[in-house]
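Q: Quick one: structure below, then a few questions.
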Amino acid sequence: MKRHLLSTAIVAALFVSGASYAQTAPVQKATVQAHNVVLVHGLYADASSWSEVIPLLQKAGLHVTAVQNPLTSLADDAEATRRVLALQDGPTVLVAHSYGGMVISQAGVDPKVSALVYVAARGPDAGEDYAALAARFPAAPASAGLIKSADGYAQLSEPAFLHDFGGDLDPVKARTLYAVQGQASQSIFSARTSQAAWRVKPSWYAVSTQDRTINPDLQRFMAKRMNAQTIEVDASHLSLISHPQEIANLILKAAGM
């Protein structure tokens, strides 16, 4: 109980201290019907992390593309997303998991993007120090399992990946995803976006309530700040794997279906 009250107090304090954000809060616009969906993965993952969601969207008649981020820098990842957006033939829902939220916040100002969907994702404001924002909440346990290499890249240890990143997955599935996790440039941890697409695009957010990678209260704060239509999923950080139907349903709503 005390822990819950502390988390609530932290969120409340952030809303007060972030009053300048509220003064320019984005306004939700009417949903534009979209035929295309572009999916952006996060750190410690690759495009296969969307493998459970993709067939559900395709079954609904949507054209789906998953970006394969190089994870060499925020700029490189945003450019990879822009290249995929350029191939779309009309209104497109741009979806991100985890760090991918920074990518779609940067690239989502593209005129083809009709809506944004954040899945347990970072939602920084333009120029914001995301690490400093995250530090205002209790640290998520996964951060203790980060392994940094001498060549400037990083990944999660196997225990952190299995317990903190995908703690509600079948162990066999979790180990498969661990085997394909991306090597992330350490430069990404200090990168800042120059755009906040959620200020000008309708946004949706799926909070993972059992998340041990991004604090759930931080997720709630970002979703509230972007005026996103929000759902809460009783899931680990990898809700897109453990609860794909709920995530697909949210994307379908953003697509006007």
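Q: Which of the residues belonging to segment 55-67 are surrounded by 15 or more Cβ atoms within 10 Å (Cβ to Cβ) and either in contact with a strand residue (DSSP E or B) (Cβ under 7 Å, 6 or more places away or on another chain) or within 18 Å of Ala179 (Cβ to Cβ) (or both)?
A: Answer for segment 55-67, where residues must be surrounded by 15 or more Cβ atoms within 10 Å (Cβ to Cβ) and either in contact with a strand residue (DSSP E or B) (Cβ under 7 Å, 6 or more places away or on another chain) or within 18 Å of Ala179 (Cβ to Cβ) (or both): Leu57, Leu62, His63, Val64, Thr65, Ala66, Val67.
Q: Condition test on Glu52, is it outside any helix (DSSP H, G or I), surrounded by fewer than 24 Cβ atoms within 10 Å (Cβ to Cβ) and acidic (Asp, Glu)?
A: Taking the combined requirement at face value, the residue satisfies it.
Q: In segment 221-257, what count of residues is obtained for those that are touching a residue at least 40 places away in the same chain (Cβ under 8 Å) and over 23 Å from Ala174 (Cα atoms)?
A: Counting residues in segment 221-257 that are touching a residue at least 40 places away in the same chain (Cβ under 8 Å) and over 23 Å from Ala174 (Cα atoms) gives 17.
Q: If I filter segment 86-110 down to residues being in contact with a helix residue (DSSP H, G or I) (Cβ under 7 Å, 6 or more places away or on another chain) and assigned to a helix (DSSP H, G or I), which single residue comes out as surrounded by the fewest Cβ atoms within 10 Å (Cβ to Cβ)?
A: Gln106
Q: Here is a further query. Looking at segment 141-151 only, could you name the residues that are surrounded by fewer than 18 Cβ atoms within 10 Å (Cβ to Cβ) and either among the β-branched types (Val, Ile, Thr) or in contact with a helix residue (DSSP H, G or I) (Cβ under 8 Å, 6 or more places away or on another chain) (or both)?
A: Pro141, Ala144, Leu146, Ile147, Lys148
Q: Next question. Among the numbered criteria (1) part of a loop (DSSP other than H, G, I, E, B); (2) modelled with pLDDT of 95 or more; (3) closer than 23 Å to Gln186 by Cα, which single criterion is violated by Ala139?
A: Unmet for Ala139, out of (1) part of a loop (DSSP other than H, G, I, E, B); (2) modelled with pLDDT of 95 or more; (3) closer than 23 Å to Gln186 by Cα: (2).
Q: Please determine, by comparing only the residues of segment 71-85 that are within 17 Å of the chain's Cα centre (by Cα) and hydroxyl-bearing (Ser, Thr, Tyr), which one is surrounded by the fewest Cβ atoms within 10 Å (Cβ to Cβ).
A: Ser73
Q: Which of the residues that make up segment 63-85 are assigned to a loop (DSSP other than H, G, I, E, B), of a type in the set (Gly, Ala, Ser) and under 19 Å from Ser51 (Cα atoms)?
A: none
Rundown of residues vs (1) within 18 Å of Tyr130 (Cβ to Cβ); (2) touching a Gly at 6+ places or on another chain (Cβ under 8 Å); (3) at pLDDT below 95, yes/no style:
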site	(1), (2), (3)
Gln23	no, no, yes
Lys29	no, no, yes
Gln33	no, yes, yes
Trp50	no, no, no
Ala60	no, no, no
Val64	no, no, no
Gln68	no, no, no
Ser73	yes, no, no
Arg82	no, no, no
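Q: With the condition being over 15 Å from Gly123 (Cα atoms) and at pLDDT 95 or above, I'd like the helices (runs of 4 or more DSSP H) fully within segment 155-247 carrying at least 3 qualifying residues.
A: Hits in segment 155-247: 171-179, 239-242.
Q: Further question on the same structure: Identify, from the list Leu156, Leu218, Leu177, Leu169, the residue that is within 13 Å of the chain's Cα centre (by Cα) and either in contact (Cβ under 8 Å) with a residue 24 or more places away in the chain or closer than 13 Å to Tyr44 by Cα (or both).
A: Step by step, each of Leu156, Leu218, Leu177, Leu169 is checked, and only Leu218 is within 13 Å of the chain's Cα centre (by Cα) and either in contact (Cβ under 8 Å) with a residue 24 or more places away in the chain or closer than 13 Å to Tyr44 by Cα (or both).
Q: Sticking with this structure for a sec: Test of understanding: among Val113, Val95, which residue is within 19 Å of Gln245 (Cα to Cα) and not polar (S, T, N, Q)?
A: Residue meeting the stated conditions: Val95.
The values are calculated or read from the model by the stated rules, or taken from the named source; none is laboratory data. No experiment lies behind these values; they were computed from the predicted model shown. Please note: Cβ atoms are built from the backbone with ideal geometry, for glycine as well, and neighbour counts cover all protein chains shown.
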